[in-house]
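One structure is given below, encoded as C-alpha cells.
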Amino acid sequence: MASSKEYLEFILGQLSELEEITYRAMMGEYIIYYRGKIVGGVYDDRLLVKPIKSAIDYMPTATYELPYDGAKEMLLVEEVDSREFLTGLFNAMYKELPAPRPKKK
C-alpha cells in the first residue's frame, strides 16, 4: 500500500519548525531528509526512522517495523501529533546520522 500525499503533508507540517526538511518520492513512499541526511520516511502512512542509538534512547519503547518487504527494520514513531516530540527526535538524531554519499558524476 502506498502512502498518501495527505499524510506526508501532515508530517511535513508537524516538522515545519525545522529548517531544511525535504523529501523524495520513492515507489509510492517518501524518504525524509533533515539538512541533507536521511532520517527515515513515510511508509504505508507510518512515520519510520532509522534505528540509531539516539532515536532508540529518545523512544525507548518504540516498536521495530519493516518499511517494505526485504528492508531493514526501522523504528515506528507513534507520537506524530506532537510537533515538540518530532522536532526533538529529529534534532537528537541529526549528529549521529551518516553524511550523504557523494553523487556520482
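We did not get these values from a lab; they are worked out from the coordinates using the rules stated. Note that the structure is a prediction, hence the values are computed from the model and not measured. Note that we place each Cβ from the backbone using ideal geometry, even for glycine, and neighbour counts take in every protein chain shown.
Numbers below:
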| read-out | value |
| --- | --- |
| Table column - 3J(HN,Hα) (Hz), region 42-56, Karplus curve with 6.51, -1.76, 1.60, x for Gly and Pro | 9, 10, 6, 6, 10, 8, 10, 10, 4, x, 8, 3, 5, 6, 5 |
| The chain - percent relative contact order, Cα under 8 Å, separation 6 or more | 25 |
| Gain in span if fully extended, T22 to A71, counting 0.36 nm per residue against the direct Cα distance | 15.5 nm |
| Förster radius 30 Å - calculated FRET efficiency between Y7 and R101 (Cβ-Cβ, nearest 0.05) | 0.65 |
| Ordering of 93-105, 7-19 by packing [mean C-beta count within 10 Å, highest first] | 7-19, 93-105 |
| Cα gyration tensor, region 1-41 - rounded (a/c under 1.5), prolate or oblate | oblate |
| FRET efficiency, 1/(1 + (r/R0)^6) with R0 22 Å, evaluated for R83 and D45 via beta carbons | 0.75 |
| Pairs from K37/K95; K37/K103; K72/K103 whose Cα-Cα separation, in the structure shown, is over 20 Å | K72/K103 |
| Estimated vicinal HN-Hα couplings, Hz - region 83-94 in sequence order (Karplus 6.51, -1.76, 1.60; Gly, Pro = x) | 4, 4, 4, 5, 4, x, 4, 5, 5, 5, 7, 3 |
| Zone of I38's modelled label, taken as backbone nitrogen in region 70-105 under 16 Å from a point 7 Å along Cα→Cβ | 70-75, 94, 96-104 |
| Neighbourhood net charge (12 Å Cβ-Cβ; Lys/Arg +1, Asp/Glu -1) for G36 | +3 |
| Backbone HN-Hα couplings from phi across region 59-73 [Karplus 6.51/-1.76/1.60, Hz, Gly and Pro as x] | 10, x, 9, 5, 8, 8, 9, 8, x, 6, 4, x, 8, 7, 5 |
| Cα centre as origin, Lys/Arg/Asp/Glu Cβ charges: the chain dipole, Debye | 900 |
| Under 5 Å, built H, 5+ apart or other chain: amide partners of R46 | none |
| Sequence-distant residues sharing a close amide H with Y23 (under 5 Å, placed H) | Y33 |
